[in-house]
Amino acid sequence: MKETIKADRVVDTRGLLCPMPVVKAKLALEEMKPGQVAKVLATDPGSRMDFPAWCNETGNKLLRAEEEGKGLYTFFIQKAREV
Amino acid sequence: MVEKKETKRVALVASKGTLDMAYALLIIASTAASMGWEVGIFFTFYGFDIVNKRKVHRLKVASLANPAAPLPVPNILGVIPGMTAVATWMLRRMMKKQNMPTIPELLDLCRKWGVRLFACSTTMGMMSIKDEDLVEGTECAGAAAFLEYASKAQVTLFI
């Protein structure tokens with residue numbers, strides 16, 4: 001049974017293509033506090049590889065990446081303690 | 001505890017002033033900036049139009065000599081007056097349909113995130129571009145200054 005992750009904010013990037021999913025995520029995280037979690041919804045197939053890489057570079061933590069059928073990807077990203 | 005990593009840097013050369021190449025450039029630049037990288041772009045030759053206030057809003061793409069252009073006509077017809085406008089209109093429409101930002105919007109985003117814009121001083125002189133034509137924040141630089149900047153970059157691309 002998967003643990004539920006509580007998101008502080010939902011970032012909907014469905015229908016957007018690169019670079020907009022990471023751009024929207026960045027803009028949302030800029031307004032959030034360290035430790036808070038953003039739930040990012042995406043349909044861009046490139047986002048599957050982009051978000052792990054983006055989190056690796058920014059230091060924000062990718063808590064979970066999920067793929068629901070029909071090309072919907074969900075990423076839970078926790079804002080880094082220090083950016 | 002997040003490990004403090006050394007800031008990465010990407011140095012880009014923008015040598016083309018067509019709508020498609022401006023997208024390629026600014027997508028890479030804005031993505032790198034979103035990752036917290038330092039980004040510097042050296043605008044030279046036709047790439048200069050991207051930081052020219054009077055031109056950045058109306059970049060074009062030609063179908064002529066561009067066999068990959070998605071126009072349903074033989075490539076040679078690209079010489080007909082108006083074909084560049086048609087190709088440009090088509091690309092703009094395709095981008096809009098995908099909810100992509102415009103070039104000025106992407107450029108504004110890059111500036112908000114601190115992307116440095118270097119204007120090639122030779123191109124300025126050659127094409128008689130004045131300081132007031134430049135997008136705000138653009139720094140006039142020569143190749144030496146850019147090379148010094150690029151020498152500290154992990155990624156360098158010529159677009």
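Residues are listed down the side, and each one gets a yes or a no for (1) in contact with a Pro (Cβ under 9 Å, 6 or more places away or on another chain); (2) surrounded by fewer than 16 Cβ atoms within 10 Å (Cβ to Cβ); (3) aliphatic (A, V, I, L, M); (4) in a strand (DSSP E or B):
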| position | (1), (2), (3), (4) |
| --- | --- |
| A:Val11 | yes, no, yes, yes |
| A:Pro21 | no, no, no, no |
| A:Ala28 | no, no, yes, no |
| A:Gly35 | no, yes, no, no |
| A:Met49 | no, yes, yes, no |
| A:Lys70 | no, yes, no, no |
| A:Ala80 | yes, no, yes, no |
Worksheet item: From the residues in the range A:37-47 that are touching a Cys at 6+ places or on another chain (Cβ under 9 Å) and either farther than 16 Å from B:Ala32 by Cα or polar (S, T, N, Q) (or both), which one is surrounded by the most Cβ atoms within 10 Å (Cβ to Cβ)?
Response: A:Ser47
Worksheet item: Taking the range B:82-119, which residues are within 12 Å of chain A (Cβ to nearest Cβ), hydrophobic (A, V, I, L, M, F, W, C) and outside any helix (DSSP H, G or I)?
Response: B:Met100, B:Trp113
Fill in: Residue pairs meeting the criteria (Cβ under 8 Å; at least 6 apart or on separate chains; first within 9 Å of A:Ser47 (Cβ to Cβ), in the range A:13-27; second of a type in the set (A, V, I, L, M, F, W, C) and assigned to a helix (DSSP H, G or I))
A:Thr13/A:Met20; A:Thr13/A:Ala25; A:Cys18/B:Ile27; A:Pro21/A:Phe51; A:Val22/A:Phe51; A:Val22/A:Trp54
Worksheet entry | Any chance A:Lys2 is among the charged types (D, E, K, R), over 23 Å from B:Lys112 (Cα atoms) and outside any strand (DSSP E or B) | yes
Item to complete: Given the conditions (1) at pLDDT 95 or above; (2) closer than 30 Å to B:Lys97 by Cα, report the number of the one that A:Asn60 does not fulfil.
Response: (2)
Practice prompt. Residue by residue through the range A:60-83, note down the ones that are small (Gly, Ala, Ser) and within 14 Å of chain B (Cβ to nearest Cβ).
Written response: A:Ala80
Discussion item. Any residue at all in the range B:96-106 that's of a type in the set (Ser, Thr, Tyr) and farther than 27 Å from A:Thr13 by Cα?
Written reply: no
Item to complete: Would you check if B:Ala33 is at negative phi and in contact with a strand residue (DSSP E or B) (Cβ under 6 Å, 6 or more places away or on another chain)?
Response: yes
Worksheet item: Of all residues in the range B:100-131, how many are out of contact with any strand residue (DSSP E or B) (no Cβ under 8 Å at 6 or more places or on another chain) and free of Cβ contacts under 8 Å to residues at least 60 places away in the same chain?
Response: 10
Discussion item. Considering only the range A:33-41, I want to know if a residue exists there that is closer than 18 Å to A:Leu16 by Cβ and out of contact with any helix residue (DSSP H, G or I) (no Cβ under 8 Å at 6 or more places or on another chain).
Written reply: yes
Fill in: Restricting the range B:26-72 to residues that are touching a Cys at 6+ places or on another chain (Cβ under 8 Å) and within 14 Å of another protein chain (Cβ to nearest Cβ), the residue that is farthest from B:Val135 (Cα to Cα)
B:Thr31
Discussion item. Out of the residues in the range B:123-153 meeting the condition of being surrounded by 12 or more Cβ atoms within 10 Å (Cβ to Cβ) and among the polar types (S, T, N, Q), tell me which one is modelled with the highest pLDDT.
Written reply: B:Thr138
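The values are calculated or read from the model by the stated rules, or taken from the named source; none is laboratory data. The structure presented is a predicted model; accordingly, all values stated were derived computationally and were not measured. Glycine also receives a Cβ, built like all others from the backbone with ideal geometry; neighbour counts cover every protein chain displayed.
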